[in-house]
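Below you'll find the structure, written out as C-alpha coordinates, and then a few comments.
The values are calculated or read from the model by the stated rules, or taken from the named source; none is laboratory data. All of these numbers come straight from a predicted model, not from anything done at the bench. Heads up, the Cβs are rebuilt from the backbone with ideal geometry, glycines too, and the neighbour counts pull from every protein chain shown. These area figures cover heavy atoms from the full protein model, side chains too; ligands, DNA and RNA do not enter into them. Shrake-Rupley method; radii C 1.70, N 1.55, O 1.52, S 1.80 Å.
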Amino acid sequence: MILLSGCSGTKTNEEKETPEWANLVYDRIGVAPVGGGFEMEDYWVWGSSVVKGDDGLYHMFASRWPKKLPFHPGWMTDSEIVHATSATPEGPFEFSDVALGARGAQYWDGRSAHNPRVLRYKDLYVMFYTGSTHPFADVSNPDTLKLGTAYPVVARSNKRIGIATSKSPYGPWARRDAPALDTKPDSFYSFLTSNPSPWINEDGSVVLMFKSRAYGDKYPFQSRMFIGMAMAPDINSPLKVVSDEPVFSKDKFGVIEDPFIWKDENGYHMIAKDQYGEITGHHHAGVMAHSVDAINWMVDDQPLAYERVINWSDGQAIKMGQLERPFGLIEQGRLTHLFFATMDGPGGFNRSTKSWNMVLPLK
(Lines give C-alpha, C1' and ligand atoms only; values in the text may rest on other atoms or scores of the structure.)
Protein backbone atom coordinates (compact mmCIF):
# COMPACT_ATOMS: atom_id res chain seq x y z
CA MET A 1 0.00 0.00 0.00
CA ILE A 2 1.16 3.53 -0.76
CA LEU A 3 0.73 5.60 2.38
CA LEU A 4 0.69 9.28 1.53
CA SER A 5 2.18 11.83 3.85
CA GLY A 6 1.63 15.40 2.87
CA CYS A 7 4.36 16.90 5.00
CA SER A 8 8.08 16.35 5.27
CA GLY A 9 9.67 15.00 8.41
CA THR A 10 7.88 11.65 8.51
CA LYS A 11 11.28 9.92 8.42
CA THR A 12 14.64 10.81 9.89
CA ASN A 13 17.34 12.27 7.65
CA GLU A 14 19.26 9.01 7.86
CA GLU A 15 16.22 7.01 6.77
CA LYS A 16 15.48 9.45 3.97
CA GLU A 17 18.95 8.94 2.49
CA THR A 18 18.24 5.29 1.71
CA PRO A 19 14.50 4.76 1.17
CA GLU A 20 13.27 1.56 -0.42
CA TRP A 21 12.19 2.65 -3.89
CA ALA A 22 10.21 0.23 -6.02
CA ASN A 23 8.27 0.39 -9.28
CA LEU A 24 4.74 1.12 -8.12
CA VAL A 25 2.94 0.78 -11.45
CA TYR A 26 4.13 -1.68 -14.12
CA ASP A 27 3.06 -4.96 -12.51
CA ARG A 28 -0.27 -3.44 -11.46
CA ILE A 29 -1.50 -2.35 -14.91
CA GLY A 30 -5.06 -3.60 -15.43
CA VAL A 31 -7.53 -3.76 -18.29
CA ALA A 32 -8.97 -0.57 -19.76
CA PRO A 33 -12.79 -0.44 -19.87
CA VAL A 34 -14.14 0.11 -23.38
CA GLY A 35 -16.44 3.14 -23.26
CA GLY A 36 -14.89 4.42 -20.04
CA GLY A 37 -13.12 7.72 -19.53
CA PHE A 38 -14.34 10.85 -21.28
CA GLU A 39 -15.05 11.67 -24.93
CA MET A 40 -16.99 14.44 -26.71
CA GLU A 41 -18.21 13.89 -30.26
CA ASP A 42 -17.47 17.33 -31.73
CA TYR A 43 -14.29 18.06 -29.77
CA TRP A 44 -10.75 16.96 -29.40
CA VAL A 45 -10.45 15.94 -25.73
CA TRP A 46 -7.09 15.82 -23.96
CA GLY A 47 -5.41 15.54 -20.59
CA SER A 48 -7.39 14.74 -17.44
CA SER A 49 -7.21 15.40 -13.74
CA VAL A 50 -9.69 13.62 -11.46
CA VAL A 51 -10.68 14.41 -7.90
CA LYS A 52 -13.44 12.99 -5.68
CA GLY A 53 -15.96 15.53 -4.42
CA ASP A 54 -17.97 15.73 -1.23
CA ASP A 55 -20.98 14.71 -3.33
CA GLY A 56 -19.41 11.26 -3.79
CA LEU A 57 -18.86 11.83 -7.52
CA TYR A 58 -15.58 11.79 -9.38
CA HIS A 59 -14.86 15.11 -11.06
CA MET A 60 -12.70 15.17 -14.16
CA PHE A 61 -11.16 18.34 -15.53
CA ALA A 62 -9.96 18.12 -19.12
CA SER A 63 -8.99 20.18 -22.15
CA ARG A 64 -11.14 20.40 -25.27
CA TRP A 65 -11.22 22.37 -28.54
CA PRO A 66 -13.42 22.10 -31.66
CA LYS A 67 -12.73 19.26 -34.10
CA LYS A 68 -13.26 21.68 -37.00
CA LEU A 69 -9.74 22.84 -36.15
CA PRO A 70 -6.68 20.64 -36.62
CA PHE A 71 -5.69 18.89 -33.41
CA HIS A 72 -2.24 20.41 -33.68
CA PRO A 73 -1.92 23.41 -33.34
CA GLY A 74 -5.60 23.97 -32.47
CA TRP A 75 -4.93 23.31 -28.79
CA MET A 76 -2.53 26.25 -28.65
CA THR A 77 -5.13 28.81 -29.68
CA ASP A 78 -8.62 27.53 -28.79
CA SER A 79 -8.44 25.13 -25.84
CA GLU A 80 -10.73 25.46 -22.84
CA ILE A 81 -10.95 23.46 -19.62
CA VAL A 82 -14.17 21.56 -19.00
CA HIS A 83 -15.62 19.65 -16.07
CA ALA A 84 -17.25 16.20 -16.27
CA THR A 85 -18.57 13.80 -13.62
CA SER A 86 -18.95 10.07 -13.01
CA ALA A 87 -20.10 7.83 -10.17
CA THR A 88 -16.95 5.71 -10.60
CA PRO A 89 -13.35 6.44 -11.60
CA GLU A 90 -13.75 4.25 -14.70
CA GLY A 91 -16.55 6.41 -16.08
CA PRO A 92 -17.95 7.12 -18.54
CA PHE A 93 -17.72 10.75 -17.47
CA GLU A 94 -20.53 13.07 -18.51
CA PHE A 95 -19.95 16.71 -19.46
CA SER A 96 -21.06 19.16 -16.78
CA ASP A 97 -19.77 22.66 -17.52
CA VAL A 98 -16.94 24.82 -18.82
CA ALA A 99 -14.57 25.52 -15.93
CA LEU A 100 -12.15 27.91 -17.67
CA GLY A 101 -13.13 29.33 -21.05
CA ALA A 102 -11.90 32.20 -23.21
CA ARG A 103 -11.99 35.59 -21.47
CA GLY A 104 -10.39 38.03 -23.91
CA ALA A 105 -7.01 38.49 -25.54
CA GLN A 106 -6.04 41.16 -22.99
CA TYR A 107 -5.64 38.48 -20.30
CA TRP A 108 -2.51 36.36 -20.09
CA ASP A 109 -4.74 33.23 -20.33
CA GLY A 110 -7.52 34.86 -22.31
CA ARG A 111 -7.42 32.71 -25.43
CA SER A 112 -6.46 29.25 -24.26
CA ALA A 113 -6.65 27.22 -21.03
CA HIS A 114 -5.08 23.77 -21.16
CA ASN A 115 -3.55 20.87 -19.21
CA PRO A 116 -5.40 21.18 -15.87
CA ARG A 117 -4.22 19.55 -12.66
CA VAL A 118 -6.66 19.87 -9.74
CA LEU A 119 -5.85 19.22 -6.08
CA ARG A 120 -7.91 19.60 -2.92
CA TYR A 121 -6.43 21.56 -0.04
CA LYS A 122 -8.63 22.14 3.01
CA ASP A 123 -11.85 23.69 1.68
CA LEU A 124 -10.42 24.66 -1.72
CA TYR A 125 -10.14 23.04 -5.10
CA VAL A 126 -6.87 24.32 -6.57
CA MET A 127 -6.40 24.14 -10.33
CA PHE A 128 -2.94 24.49 -11.89
CA TYR A 129 -3.12 24.93 -15.66
CA THR A 130 -1.44 26.28 -18.79
CA GLY A 131 -2.80 29.53 -20.18
CA SER A 132 -2.01 31.51 -23.32
CA THR A 133 -3.17 34.46 -25.38
CA HIS A 134 -2.70 35.88 -28.88
CA PRO A 135 -3.96 38.87 -30.89
CA PHE A 136 -5.41 37.02 -33.88
CA ALA A 137 -9.11 37.55 -34.56
CA ASP A 138 -9.75 34.88 -37.21
CA VAL A 139 -7.95 32.00 -35.58
CA SER A 140 -11.04 29.79 -35.73
CA ASN A 141 -10.61 29.45 -39.51
CA PRO A 142 -9.02 26.01 -40.04
CA ASP A 143 -7.48 27.15 -43.33
CA THR A 144 -5.35 29.77 -41.57
CA LEU A 145 -4.48 27.83 -38.42
CA LYS A 146 -1.45 25.88 -39.57
CA LEU A 147 2.01 25.07 -38.33
CA GLY A 148 4.60 27.35 -39.88
CA THR A 149 2.45 30.46 -39.42
CA ALA A 150 2.58 33.12 -36.74
CA TYR A 151 -0.45 31.64 -34.96
CA PRO A 152 1.27 28.71 -33.21
CA VAL A 153 4.54 30.60 -32.63
CA VAL A 154 2.86 33.47 -30.81
CA ALA A 155 0.37 31.30 -28.93
CA ARG A 156 3.07 28.85 -27.86
CA SER A 157 5.47 31.59 -26.77
CA ASN A 158 2.75 33.05 -24.51
CA LYS A 159 2.18 29.80 -22.60
CA ARG A 160 2.47 30.27 -18.84
CA ILE A 161 1.40 28.34 -15.74
CA GLY A 162 -1.49 29.71 -13.70
CA ILE A 163 -3.60 28.89 -10.64
CA ALA A 164 -7.37 29.13 -10.20
CA THR A 165 -9.34 28.26 -7.06
CA SER A 166 -12.90 27.35 -6.16
CA LYS A 167 -14.91 26.16 -3.16
CA SER A 168 -16.75 23.74 -5.44
CA PRO A 169 -15.80 21.54 -8.41
CA TYR A 170 -18.71 23.20 -10.21
CA GLY A 171 -17.10 26.64 -9.83
CA PRO A 172 -17.04 29.54 -10.08
CA TRP A 173 -13.26 29.56 -10.46
CA ALA A 174 -11.28 32.57 -9.29
CA ARG A 175 -8.63 33.26 -11.91
CA ARG A 176 -5.63 35.51 -11.44
CA ASP A 177 -4.47 38.43 -13.52
CA ALA A 178 -0.89 37.19 -13.71
CA PRO A 179 0.74 33.79 -14.18
CA ALA A 180 1.86 31.82 -11.14
CA LEU A 181 5.09 30.85 -12.94
CA ASP A 182 6.38 33.25 -15.58
CA THR A 183 9.39 32.97 -17.87
CA LYS A 184 12.87 34.32 -17.13
CA PRO A 185 15.33 35.74 -19.69
CA ASP A 186 18.47 33.72 -20.38
CA SER A 187 17.16 30.64 -18.60
CA PHE A 188 15.95 27.17 -19.55
CA TYR A 189 12.42 28.59 -19.17
CA SER A 190 12.85 31.81 -21.17
CA PHE A 191 10.36 30.86 -23.93
CA LEU A 192 7.48 29.24 -22.04
CA THR A 193 6.32 27.44 -18.90
CA SER A 194 3.63 24.76 -19.18
CA ASN A 195 2.34 21.30 -18.21
CA PRO A 196 2.22 21.86 -14.44
CA SER A 197 2.40 18.88 -12.10
CA PRO A 198 1.82 20.11 -8.53
CA TRP A 199 1.77 18.63 -5.07
CA ILE A 200 0.48 20.52 -2.02
CA ASN A 201 1.99 19.36 1.26
CA GLU A 202 0.01 19.20 4.50
CA ASP A 203 1.58 22.49 5.63
CA GLY A 204 0.29 24.20 2.47
CA SER A 205 3.65 24.46 0.72
CA VAL A 206 3.67 23.81 -3.01
CA VAL A 207 6.00 21.65 -5.09
CA LEU A 208 5.67 22.03 -8.86
CA MET A 209 7.31 20.09 -11.65
CA PHE A 210 6.90 21.87 -14.99
CA LYS A 211 7.83 21.74 -18.66
CA SER A 212 9.73 24.58 -20.28
CA ARG A 213 11.58 25.68 -23.38
CA ALA A 214 14.28 28.28 -23.90
CA TYR A 215 14.42 30.79 -26.74
CA GLY A 216 16.16 29.75 -29.95
CA ASP A 217 17.39 31.90 -32.82
CA LYS A 218 15.69 29.93 -35.61
CA TYR A 219 12.05 29.04 -36.34
CA PRO A 220 10.14 27.96 -34.30
CA PHE A 221 12.38 29.96 -31.92
CA GLN A 222 12.42 27.39 -29.14
CA SER A 223 14.73 24.80 -27.67
CA ARG A 224 14.11 21.18 -26.83
CA MET A 225 11.94 20.48 -23.80
CA PHE A 226 13.26 20.84 -20.27
CA ILE A 227 11.71 19.82 -16.96
CA GLY A 228 12.22 22.08 -13.96
CA MET A 229 11.11 22.32 -10.33
CA ALA A 230 9.54 25.28 -8.54
CA MET A 231 8.34 25.75 -4.96
CA ALA A 232 6.27 28.17 -2.90
CA PRO A 233 5.35 28.37 0.81
CA ASP A 234 1.64 28.42 -0.12
CA ILE A 235 -0.65 28.76 -3.15
CA ASN A 236 -0.81 32.56 -2.78
CA SER A 237 2.97 33.08 -2.83
CA PRO A 238 5.10 33.34 -5.98
CA LEU A 239 6.52 30.08 -7.27
CA LYS A 240 10.31 30.13 -7.33
CA VAL A 241 12.33 27.89 -9.64
CA VAL A 242 14.74 26.01 -7.38
CA SER A 243 17.72 25.68 -9.73
CA ASP A 244 19.29 27.32 -12.78
CA GLU A 245 19.53 23.84 -14.29
CA PRO A 246 16.63 21.59 -15.32
CA VAL A 247 16.07 18.31 -13.51
CA PHE A 248 15.44 16.43 -16.78
CA SER A 249 16.81 17.33 -20.21
CA LYS A 250 18.56 15.86 -23.24
CA ASP A 251 21.82 16.03 -21.30
CA LYS A 252 20.44 14.81 -17.97
CA PHE A 253 18.73 11.40 -17.99
CA GLY A 254 16.85 12.13 -21.25
CA VAL A 255 13.93 14.17 -22.56
CA ILE A 256 10.61 13.58 -20.81
CA GLU A 257 7.21 15.27 -21.01
CA ASP A 258 3.89 15.33 -19.15
CA PRO A 259 5.12 14.53 -15.63
CA PHE A 260 2.77 13.51 -12.83
CA ILE A 261 4.17 13.68 -9.29
CA TRP A 262 2.90 12.51 -5.93
CA LYS A 263 4.30 11.89 -2.47
CA ASP A 264 4.34 8.90 -0.13
CA GLU A 265 6.18 7.95 3.05
CA ASN A 266 9.49 7.60 1.18
CA GLY A 267 9.34 10.89 -0.69
CA TYR A 268 8.25 12.03 -4.14
CA HIS A 269 7.51 9.89 -7.19
CA MET A 270 7.12 10.82 -10.85
CA ILE A 271 5.57 9.19 -13.90
CA ALA A 272 6.24 10.87 -17.25
CA LYS A 273 6.34 10.19 -20.97
CA ASP A 274 9.73 9.03 -22.25
CA GLN A 275 9.75 11.35 -25.26
CA TYR A 276 12.38 9.59 -27.36
CA GLY A 277 12.76 6.29 -25.52
CA GLU A 278 16.16 7.36 -24.23
CA ILE A 279 15.48 6.13 -20.68
CA THR A 280 13.19 3.09 -20.97
CA GLY A 281 14.09 2.02 -24.49
CA HIS A 282 10.42 2.40 -25.51
CA HIS A 283 9.23 5.42 -27.51
CA HIS A 284 6.55 7.36 -25.58
CA ALA A 285 6.40 4.76 -22.81
CA GLY A 286 6.10 5.75 -19.16
CA VAL A 287 9.20 6.40 -17.09
CA MET A 288 9.41 6.49 -13.30
CA ALA A 289 11.71 8.55 -11.09
CA HIS A 290 11.93 9.51 -7.42
CA SER A 291 13.27 12.17 -5.10
CA VAL A 292 13.54 12.66 -1.35
CA ASP A 293 13.42 16.47 -1.51
CA ALA A 294 11.68 17.14 -4.89
CA ILE A 295 14.89 18.86 -6.06
CA ASN A 296 17.34 16.03 -6.70
CA TRP A 297 15.73 13.35 -8.88
CA MET A 298 16.87 9.88 -9.85
CA VAL A 299 15.43 7.47 -12.40
CA ASP A 300 14.08 4.30 -10.76
CA ASP A 301 16.14 1.12 -11.07
CA GLN A 302 13.16 -0.36 -12.90
CA PRO A 303 12.00 2.76 -14.79
CA LEU A 304 9.34 1.36 -17.16
CA ALA A 305 5.89 2.31 -15.85
CA TYR A 306 3.75 1.40 -18.87
CA GLU A 307 3.87 0.84 -22.62
CA ARG A 308 1.63 2.08 -25.43
CA VAL A 309 0.01 -1.34 -25.97
CA ILE A 310 -3.24 -1.31 -23.98
CA ASN A 311 -5.34 -4.37 -23.09
CA TRP A 312 -9.03 -3.49 -23.44
CA SER A 313 -12.05 -5.08 -21.79
CA ASP A 314 -13.30 -6.44 -25.15
CA GLY A 315 -10.18 -8.61 -25.43
CA GLN A 316 -8.25 -6.43 -27.87
CA ALA A 317 -4.65 -5.38 -27.33
CA ILE A 318 -4.06 -2.11 -29.20
CA LYS A 319 -0.95 0.00 -29.61
CA MET A 320 -2.40 3.46 -29.14
CA GLY A 321 -1.54 6.18 -31.65
CA GLN A 322 -0.70 8.51 -28.80
CA LEU A 323 -0.64 7.84 -25.05
CA GLU A 324 0.07 11.06 -23.20
CA ARG A 325 -0.54 13.14 -20.06
CA PRO A 326 -0.44 10.36 -17.41
CA PHE A 327 -2.42 11.19 -14.28
CA GLY A 328 -2.74 9.03 -11.18
CA LEU A 329 -5.80 8.93 -8.93
CA ILE A 330 -4.91 8.45 -5.27
CA GLU A 331 -7.57 7.28 -2.85
CA GLN A 332 -7.07 6.53 0.84
CA GLY A 333 -3.31 6.67 0.35
CA ARG A 334 -3.29 4.28 -2.61
CA LEU A 335 -2.62 4.87 -6.31
CA THR A 336 -5.70 3.23 -7.83
CA HIS A 337 -6.05 4.37 -11.46
CA LEU A 338 -4.03 5.89 -14.27
CA PHE A 339 -5.68 8.25 -16.75
CA PHE A 340 -4.24 9.09 -20.17
CA ALA A 341 -4.99 11.33 -23.12
CA THR A 342 -5.07 9.02 -26.12
CA MET A 343 -5.82 8.81 -29.85
CA ASP A 344 -6.72 6.27 -32.46
CA GLY A 345 -4.68 5.93 -35.62
CA PRO A 346 -1.05 4.99 -36.35
CA GLY A 347 0.51 7.79 -34.32
CA GLY A 348 0.98 11.49 -34.90
CA PHE A 349 -1.34 14.23 -33.74
CA ASN A 350 -2.86 14.90 -37.14
CA ARG A 351 -3.33 11.29 -38.24
CA SER A 352 -6.27 10.37 -36.05
CA THR A 353 -10.04 10.67 -36.14
CA LYS A 354 -10.68 11.13 -32.42
CA SER A 355 -9.01 11.74 -29.07
CA TRP A 356 -10.31 11.01 -25.59
CA ASN A 357 -9.28 10.48 -21.99
CA MET A 358 -9.01 6.79 -21.10
CA VAL A 359 -8.56 5.11 -17.72
CA LEU A 360 -6.52 2.10 -16.58
CA PRO A 361 -7.44 0.55 -13.21
CA LEU A 362 -4.43 -0.62 -11.22
CA LYS A 363 -4.50 -4.02 -9.56
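Straight-line cross-link partners of residue 250 among the aspartates and glutamates, defined as a Cα under 13 Å from its Cα and at least 8 positions apart when in the same chain: 274, 278.
Students often check this: by mean Cβ neighbours within 10 Å, which of 232-238, 209-215, 105-111 ranks highest, and how do the rest follow? Please list the in-between numbers first.
Values: 232-238: 14.3, 209-215: 23.3, 105-111: 18.0.
In decreasing order of mean packing, 232-238, 209-215, 105-111 become 209-215, 105-111, 232-238.
Using a cutoff of 8 angstrom between alpha carbon atoms and counting only pairs six or more residues apart, the relative contact order for the chain works out to 18 percent. For the chain, taking Cα atoms only, Rg and Dmax work out to 19.1, 61 Å respectively. Residues in the chain average 41 Å² of solvent-accessible surface per residue, probe 1.4 Å, ligands and nucleic acids excluded. Mind scanning 52/159; 319/354; 68/159; 211/240; 122/363 and naming the pairs with a C-alpha gap bigger than 25 Å? Violating the 25 Å Cα-Cα cut-off are 52/159; 122/363.
On the chain, 49 percent of the accessible area sits on carbon and sulfur atoms, based on a 1.4 Å probe.
Would you please put 352-358, 148-154, 75-81 in order of how densely packed they are, using the mean number of other Cβ atoms within 10 angstrom per residue and starting with the highest? Could you put the intermediate results ahead of the total?
On the way: 352-358: 20.7, 148-154: 15.4, 75-81: 24.6.
Peptide ranking by packing, descending: 75-81, 352-358, 148-154.
At a Cα cut-off below 19 Å, give the aspartates and glutamates reachable from residue 218, other chains included and same-chain residues fewer than 8 away excluded. Excluding near neighbours in sequence, the set is 186.
Using the Karplus relation 6.51 cos²θ - 1.76 cosθ + 1.60 with θ = phi - 60°, the per-residue 3J(HN,Hα) values for segment 330-341 come to 10, 10, 6, x, 10, 6, 10, 8, 10, 10, 9, 7 Hz, with x marking Gly and Pro. Between residue 331 and residue 170, full extension at 0.36 nm per residue minus the direct alpha carbon distance yields a gain of 55.9 nm.
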